[in-house]
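Novice: Got a structure for you, written out below as structure tokens; questions coming shortly.
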Amino acid sequence: MNKVLSSNNNRRAFISTSIATAFFTAIPNNAQARYVLNEETGEYDEVQEEDWKTEWGKRAEKAKGMTKEDIFLAAQGAGNTELREGEESEASKKRRAFAGCRNDGFRQKSNVTNEKECTKRVMGGDYQFMIDAMN
């Protein structure tokens, strides 16, 4: 009886190993490539990524031209408004307003000095006061 069980287990192991090997060898080498939709052609284009040192070097160069406040706003998801294409989404406005609530200068411009009160207003859907203060 033990030989039968052992034999069945060996067969199952062989079959599952064979299937896994066949599956993983069928995956092309560029499986890690990133693709983006080309809106003009409707096709997916492969994006060539640079190595991490080059990419972070570019980020450091960009940060050199930014103020400390701009860097913090960008880190909070509220930066680069001048690079935006098209209309700003409601989610983006709300994100920027939350970031503005954490900033003393923007809270003073908006005449809401308490950070908790500011955040509560933004969470309630009233965020235009902060967007106006940030522009």
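Every number here is computed from the coordinates shown, using simple stated rules; none is lab data. Bear in mind the structure is a predicted one, so any value in this text is a computation, not a measurement. Ideal geometry is used to build each Cβ from the backbone, glycine not excepted, and the neighbour counts take in all protein chains shown.
Novice: Please give the peptides 56-68, 101-113 ranked by average Cβ packing (other Cβ atoms within 10 Å per residue), highest first, as a rough proxy for protection.
Specialist: 101-113, 56-68
Novice: Follow-up question, since we're still on this one. Ranking request for peptides 41-53, 88-100: highest mean number of other beta-carbon atoms within 10 Å first, then the rest in descending order.
Specialist: 88-100, 41-53
Novice: Quick one: if you stick a label point 7 Å off each Cα along the C-beta vector at residue 115 and residue 128, how many nm between them?
Specialist: Here the answer is 2.7 nm between the modelled labels.
Novice: For region 43-135, how big is Rg over Rh, using alpha carbon atoms and the Kirkwood form of Rh?
Specialist: So for region 43-135, dividing Rg by the Kirkwood Rh gives 1.08.
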